[in-house]
Amino acid sequence: MTHDHDLVLRPTPAQTEAALNPPPGRTGGDLVVETLAGLGATTVFGLPGQHALGMFDALRRSDLRYIGLRVENNAGFAADAYGRITGEAAPLLLSTGPGALTSLAALQEAAAASAPVLAISSQVPTAGLGGGRHGYLHELPDQAASFKGVVKSVHTVRTQSQIPSAIEAAWKSALSAPHGPVWVEIPQDVLLARTAIPVVTGGDAFPEELPPRPELTAVAADLLSKAARPAIIAGGGVVRADASKKLRRLAETLQAPVVTTPGGKGAFPWTHPLSLQSWIEDRHTTDFLEDADVLLVVGSGLGELSSNYHTFKPRGRVIQIEADLGKLESNHPALGIHADARLAVQALLETVSERADPTAPERVRALLAKVADRIAAQELTLEQDVLASVRRALPADSPSFWDMTILAYWAWSAFDAKGPNHMHSAQGAGGLGYAFPAALGAAAADPTRPVLAVSGDGGALYSIAELATAKQYDLPVTWLIVDDGGYGILREYMTDAFGEATATELTRPDYVALAESFGVPGVRTTPENLEQDLAKQLASPGPSVVLLPAVLRMFAPTHLGSD
């Protein structure tokens, strides 16, 4: 009798030959790139450094495509976007100490947004592991400790035979729900030493699934089927799990209105009769959700942005589907279902009863009209026109990446993403400099469609070096820079709070001339010409910069008590 766990995959004749007669000159670095290729990787991002040269030399002997950025943090943002667009673990190759640490902010964003990034860093020679304090260049007493609070898992390699298994375990960790960044570190001497280990020819690239507990989905289905006013909050977990179509079917079966969080942009069709769109930072929407007698939260921890800055106080029963166990019921008591969004929504589809509610579309229209009236009363025509121009200029199937800038804050609420996995921003961790390097990673993932990056002038200064990357690899990214002379949103916050702003004004370059110095076309536009200029650059091959000098304002918040 044969059991599943007794089955062994037998090598093919070609694999046997390769194992018995590995090519000469291989090192530990070759084991790294061979393992990545065996797991299905095709593209790696990174930046070389002295301790990591063994990995980078091995790239020369592999078929992996390398995209090199100029700053490690930007390389991390590019890998983050590649992972979001492809759903694959994006390898990120880094060096020890300063190189590794410079990636931390990008890995925090990947963790907050559940983007699968496989960071592989070098380490000091093996003798220096464990805080030996030998004085090696880049030495840290405990490099791994710097990453343990940021990434999903940390894997330290000490011998060459550990390399394939450590990378495979990290790959699975990155792609197991919830997706996220992982960290592997390998000492310099292990990477450089010659190896007699056979060529790595494959790997188990399939992560573990996270199905829901059936007794919980049975209770959830019963609550939703009997609800009088059900509603749904769709978060980033719906997008990461590719559950958007299933969520739409569930909403239509239940006749439940759906609002998407900033991370869940595009998870539900913008113009659907049940779509509350993304106006989650609005008191009218907050009131609507509080009035639901059963609220289904899918793929969201109901954090600061998704709860209208923690002013949301649900009065009905909450059902929360969340792959990150730490976020389950972290903000509100709920029927917590620890599961991948796609599997959990499928289970609900199989067990809920169809319910009729002819009032649901009308209640949605009434809510959106209230929101529109609130915004219209604030005389923010310029801001709405600029955002509308961006939407008209951007092809419907093109992804966009947004920095932490006023236009992005508008986009979280008012921009139609046109589909799941089309709009991405740094709202997870909230750091500056995300948009342009992330857009480069997306363009590397799919160069057949143009990609838009949107930054303010403050955030743009974090990423200027990557104009060289865009040019070097001829990536089809159009970078819209809204220049308001400083950190615009901080200027607003400080003026509102203290009467005047401090440390928000910036001396900045001529962005058009700067882009052209890299060989990247640049154009200065106006709000009136934005749509035409942006569309032209998006339709042109290769990278480009569009500069919009404009001072935009935010719409009034409602979490402070203002209507």
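Accessible area of Thr253 (1.4 Å probe, protein heavy atoms only, ligands and nucleic acids ignored): about 40 Å². Classify the range 224-359 as rounded, prolate or oblate from the Cα gyration tensor: take a ≥ b ≥ c as the square roots of its eigenvalues, call it rounded if a/c is under 1.5, otherwise prolate when a/b beats b/c and oblate if not. Note, shape of the range 224-359 comes out rounded. Annotation: amide H-H contacts under 5 Å for Ala550 (H modelled 1.01 Å from N, sequence separation of 5 or more, or interchain): Asp483, Asp484. Listed peptides 328-341, 26-39, 428-441, 190-203 appear in the order 428-441, 26-39, 328-341, 190-203 once ranked by packing, highest mean of other Cβ atoms within 10 Å at the front.
Taken per residue, the accessible surface of the range 41-145 reaches 32 Å², heavy atoms only and a 1.4 Å probe. With respect to the chain, whose longest principal axis is taken over its alpha-carbon atoms, helix 488-498 is tilted by about 60°. Using Cβ point charges alone (K and R +1, D and E -1), the dipole size of the chain about the Cα centre works out to roughly 600 debye.
Proximity of backbone amide H atoms, modeled 1.01 Å from N, is registered between Leu69 and Gly46 at under 5 Å, excluding neighbours fewer than 5 places apart on the same chain. Each of Thr478, Pro541, Ala513 was scored by the projection of its Cα onto the charge dipole of the range 466-552, and the greatest displacement toward the positive side belongs to Pro541; charges sit on the C-beta of Lys, Arg, Asp and Glu. Tell me, how many Å apart are the Cα centres for the range 105-144 and for the range 503-526? Taking the Cα centre of each part, the range 105-144 and the range 503-526 sit 35 Å apart. Annotation: Cα Rg of the chain relative to the compact-globule expectation 2.2 N^0.38 Å equals 1.01. Loop-located trypsin sites (Lys or Arg not before Pro) across the range 114-191 with a Cβ neighbour count of 16 or fewer within 10 Å are Arg133, Arg158, with loop assigned by DSSP. Applying a DSSP loop filter and a limit of 11 other Cβ atoms within 10 Å to the trypsin sites (Lys or Arg not before Pro) in the range 52-126 leaves Arg60.
Extension gain for the segment Ala396 to Tyr309, taken as residue separation times 0.36 nm less the Cα-Cα distance, is 28.2 nm to one decimal. With protein chains left intact and a 1.4 Å probe, residues in the range 319-383 average 48 Å² of accessible area per residue.
Helix 72-86 versus the longest principal axis of the chain: what is the Cα-based angle in degrees, 0 to 90, to the nearest 10? Value to nearest ten degrees: 70. Using Cα pairs under 8 angstrom and six or more residues apart, how large is the relative contact order of the range 278-359, in percent? Relative contact order of the range 278-359: 24 percent.
Listed by chain and number, the lysines whose alpha-carbon sits under 20 Å from that of Lys152, ignoring those within fewer than 8 places in the same chain, are Lys172, Lys327. For the chain, take the longest principal axis of its alpha carbons; what is the angle in degrees between that and the long axis of helix 104-113, to the nearest 10 within 0 to 90? Result, in degrees: 50.
Over the chain, DSSP H runs of length four or greater, each weighted -39,500 (n - 2.57), average out per residue to a 222 nm ellipticity of -11000 deg cm²/dmol.
Each DSSP beta bridge with both residues in the chain is either parallel or antiparallel, and the antiparallel ones are about 5%. Which percent of the accessible heavy-atom area of the chain goes to carbon and sulfur, probe 1.4 angstrom? Percent of accessible area from carbon and sulfur atoms in the chain: 53.
Given the C-alpha centroids of the range 241-309 and the range 15-62, what is the distance between them in whole angstrom? Rounded to whole Å, the Cα centres lie 44 Å apart. For the pair the range 180-198 / the range 342-389, the C-alpha centres are spaced 50 Å from each other.
The values are calculated or read from the model by the stated rules, or taken from the named source; none is laboratory data. Treat the numbers as computed from the prediction; the structure is a model and nothing was measured. Cβ: placed from backbone, ideal geometry, glycine included. Neighbour counts: every protein chain shown. Ligands, DNA and RNA are stripped out before the accessible areas are found, and what is left, the full protein with its side chains, is counted by its heavy atoms. Shrake-Rupley method; radii C 1.70, N 1.55, O 1.52, S 1.80 Å.
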